[in-house]
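Have a look at the structure below before the remarks.
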Amino acid sequence: MFEPPWTDPADLVGALRREGEVVLAPQALGALGVSAGELNALKPCWDDLPPDGYLKDGGRYRFRRHGCFVADGDTLTLQPHRAHWQPLDYNALHGGIQRWYVPLAQEMVASPAWNALLLGLARVASAMKGEQPWFIEAHPFRIDTSDGIGRPTPEGAHRDGVDLVAVLLVSRHEIKGGESRVFEAHGPAGQRFTMTQPWTLLLLDDERVIHETTPIQPLTPGERGWRDTLVLTLRRGGFQGP
């Protein structure tokens, strides 16, 4: 497994501007105004994720919830529950349909660490692309190996049609695989690495790079393993919709 290309937190915005991607170590999350220790309080929420009923490959390996927020200055506001929607241009497998997922757990939404994390990411987005409200979609995922293999990105390498994508590793349990791959959207350069430390953060300028995560398999055949992540997308101007 390749070690992530760690970013100096003091150079977070500069590196994101130059490279289109950064990887923050868990101990560097203070750059966003939150700590890995504070985020640990959210971990039990991943044990209560319902199955994703929209997988077109027939798989049963993905569990998730969904919530929407607006970050405006120092204020984070939970929005009325809505469908998750992406155009086919960005998600050829699951785009073009309204996907209604179960809302986020109340203990997640009410957590001070949650509020700090989302507002911290909004500050990064504003530093990159100008001060403005940010429309945030939150997706806690569990990908498991009950069927022998789990696919974190069944749609393949893709963009999300937003401004900023944040992928936080929450935990890995008895799995192999799950390599992160980031490529220039319009060029040959790319990187591959594996996030193994809980609360490692991958930040992506969605206009400049495409990304994917390779499938996972159990370390011990027949034993269930899983990979838990939190994916947050920030978009200017409004949420995506048909």
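The values are calculated or read from the model by the stated rules, or taken from the named source; none is laboratory data. Just so we're clear, the structure is a prediction, and the values are computed from it rather than from any experiment. All Cβ positions, even for glycine, are placed from backbone atoms using ideal geometry, and neighbour counts span all protein chains on display.
Conditions tested, residue by residue: (1) among the hydroxyl-bearing types (Ser, Thr, Tyr); (2) loosely packed, with under 14 Cβ neighbours inside 10 Å; (3) modelled with pLDDT under 95; (4) not in a loop (DSSP other than H, G, I, E, B).
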{"site": "Val182", "(1), (2), (3), (4)": "no, no, no, yes"}
{"site": "His186", "(1), (2), (3), (4)": "no, yes, yes, no"}
{"site": "Gln197", "(1), (2), (3), (4)": "no, yes, no, no"}
{"site": "Leu203", "(1), (2), (3), (4)": "no, no, no, yes"}
{"site": "Glu212", "(1), (2), (3), (4)": "no, no, no, yes"}
{"site": "Thr220", "(1), (2), (3), (4)": "yes, yes, yes, no"}
{"site": "Glu223", "(1), (2), (3), (4)": "no, yes, yes, no"}
{"site": "Arg227", "(1), (2), (3), (4)": "no, no, no, yes"}
{"site": "Val231", "(1), (2), (3), (4)": "no, no, no, yes"}
What pairs can you find where one residue is in the stretch 80-91 and free of Cβ contacts under 8 Å to residues at least 24 places away in the same chain and within 12 Å of Val162 (Cβ to Cβ), the other is surrounded by fewer than 13 Cβ atoms within 10 Å (Cβ to Cβ) and not acidic (Asp, Glu), and their Cβ atoms are less than 9 Å apart, with a gap of 6+ or different chains? none
Which listed residue, of Gly178, Gly190, Gly238, Gly222, is closer than 26 Å to Ala105 by Cα and without any contact (Cβ under 8 Å) to a residue 60 or more places away in the chain: Gly178
Residue check, His139 against (1) within 13 Å of the chain's Cα centre (by Cα); (2) buried (at least 20 other Cβ atoms within 10 Å of the Cβ), all met but one. Which one? (2)
Just to be sure before I move on: is Gly161 surrounded by fewer than 16 Cβ atoms within 10 Å (Cβ to Cβ) and modelled with pLDDT under 95 in the structure I sent? no
